[in-house]
Amino acid sequence: MTGYPRASTRVLILGGTGEARALASALDDTGIDVISSLAGRVQNPRLPVGPVRIGGFGGPEGLRKWLLDNEIRAVVDATHPFAATITRNAARATEDAGIPLLRLRREPWSPGTADRWIRVPDLPSAAAEVARRGTRVLLTTGRQDVGVFADIDTAWFLIRVVDPPTAALPPNHALLRSRGPYDHASESALLRDNDIDLLVTKNSGGALTEAKLSAAADLGIDVVMVDRPAEPDSTAVSDVGAAREWLERLLD
Ligand SMILES: NC(=O)c1ccc[n+]([C@@H]2O[C@H](COP(=O)([O-])OP(=O)(O)OC[C@H]3O[C@@H](n4cnc5c(N)ncnc54)[C@H](OP(=O)(O)O)[C@@H]3O)[C@@H](O)[C@H]2O)c1
């Protein structure tokens, strides 16, 4: 890519989330030079304002080299809480390159009194819970994780995805292609109309996809909730305003 802005305040945002896009917008009027990075997973990604590069860096070493070659002053890792590999790579690459790193990570959801959560540590454990208790399942874990459920033939799955999955799928399923945000009324209707008795979700957090949880609670539907993967220790914030302040202080 050519035409990158001047090096002095150049920041890389590792993105693919609403928070990353919001941060790019929030920095638009600050004089901070922002480059956003996307993995290139979805066919028609929502793009942030400003320059965008797309595709992997080639592991932590490739990222370290890219940061140095492009004279990056700071990195904000605003990737999804379940994008564990890029978060690990960002921690290693910035440490090796001596570049400040901020993790921007939205708060996880936490259960209220009406919620019927079965918390599990990872996706294989979620699949085990589904095999044990599901008959009609709404699966919202995302395209990349569908394959984990492929062997379950005792349940019917409504699989909600943005782009069609490429992995093997469970024998009894229907695909529902859609992208949030979702509201309470439409999520309740979806659960009711499809006789769903089990919702499976990762604990992504955030308001855009939260309505399925209150809808499930209202209908007395169990939720298999996959906990977030562990992350390396880092300076972290959970909102875009705090990330902007951190950058402004650093680059002042
Ligand atoms: N996982 C989810 O549930 C989820 C949900 C919504 C959005 N997303 C977004 O989708 C993207 C991919 O997620 P993932 O779970 O597949 O990631 P991942 O498993 O942590 O990363 C796998 C590889 O994809 C590349 N990559 C990931 N994010 C990148 C980024 N923002 N810019 C450039 N390269 C990136 C890296 O390749 P190299 O090693 O070659 O650098 C990384 O090693 C992320 O941007 C994430 O924010 C993920």
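The values are calculated or read from the model by the stated rules, or taken from the named source; none is laboratory data. No experiment lies behind these values; they were computed from the predicted model shown. Here the Cβ is made from the backbone with ideal geometry for all residues, glycine too, and neighbour counts use every protein chain on show.
Residue-by-condition table, conditions (1) at pLDDT 95 or above; (2) in the same structural domain as residue 180 (by TED's automatic domain parsing); (3) over 30 Å from residue 225 (Cα atoms):
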{"position": "1", "(1), (2), (3)": "no, no, yes"}
{"position": "19", "(1), (2), (3)": "yes, no, no"}
{"position": "23", "(1), (2), (3)": "yes, no, no"}
{"position": "29", "(1), (2), (3)": "no, no, yes"}
{"position": "78", "(1), (2), (3)": "yes, no, no"}
{"position": "89", "(1), (2), (3)": "yes, no, no"}
{"position": "97", "(1), (2), (3)": "yes, no, yes"}
Using beta carbons and a limit of 7 Å, which pairs, at least six apart or on different chains, have the first residue in segment 16-43 and in contact (Cβ under 8 Å) with a residue 60 or more places away in the chain and closer than 21 Å to residue 236 by Cα and the second one in a strand (DSSP E or B) and more than 12 Å from the ligand (Cβ to nearest atom)? 27/34; 32/11
Residue 129 being away from the ligand (no atom under 13 Å from the Cβ), closer than 24 Å to residue 219 by Cβ and either buried (at least 19 other Cβ atoms within 10 Å of the Cβ) or at pLDDT 95 or above (or both): yes
Suppose the filter is in contact (Cβ under 8 Å) with a residue 60 or more places away in the chain, of a type in the set (Val, Ile, Thr) and farther than 25 Å from residue 28 by Cβ; does residue 137 pass it? yes
Quick check on segment 112-126: of everything there that is β-branched (Val, Ile, Thr) and within 23 Å of the chain's Cα centre (by Cα), which residue is nearest to the ligand (Cβ to nearest atom)? 120
Going through segment 184-224 one residue at a time, which ones are in contact (Cβ under 8 Å) with a residue 60 or more places away in the chain, more than 21 Å from residue 18 (Cα to Cα) and not in a helix (DSSP H, G or I)? 196, 197, 198, 199, 200, 220, 221, 222, 223, 224
Keeping to segment 15-59, report how many residues are touching a helix residue (DSSP H, G or I) at 6+ places or on another chain (Cβ under 6 Å), more than 10 Å from the ligand (Cβ to nearest atom) and in a strand (DSSP E or B). 2
The lone exception for residue 138 - which of (1) buried (at least 23 other Cβ atoms within 10 Å of the Cβ); (2) touching a Pro at 6+ places or on another chain (Cβ under 8 Å); (3) assigned by TED's automatic domain parsing to the domain that holds residue 177 it fails: (2)
Quickly run through segment 78-103 and pick out the residues that are more than 21 Å from residue 248 (Cα to Cα), within 6 Å of the ligand (Cβ to nearest atom) and in contact (Cβ under 8 Å) with a residue 60 or more places away in the chain. 80, 82, 83, 84, 86
If you scan segment 132-161, which residues turn out to be among the small types (Gly, Ala, Ser) and farther than 16 Å from residue 117 by Cα? 142, 147, 150, 155
Condition first: surrounded by 20 or more Cβ atoms within 10 Å (Cβ to Cβ), under 17 Å from the mean Cα position of the chain (by Cα), touching a residue at least 40 places away in the same chain (Cβ under 8 Å) and within 15 Å of the ligand (Cβ to nearest atom). Can you find one or more residues in segment 60-77 that meet it? yes
Filtered residues of segment 31-63 (kept if at pLDDT below 95, more than 17 Å from residue 20 (Cα to Cα) and not small (Gly, Ala, Ser)): 43
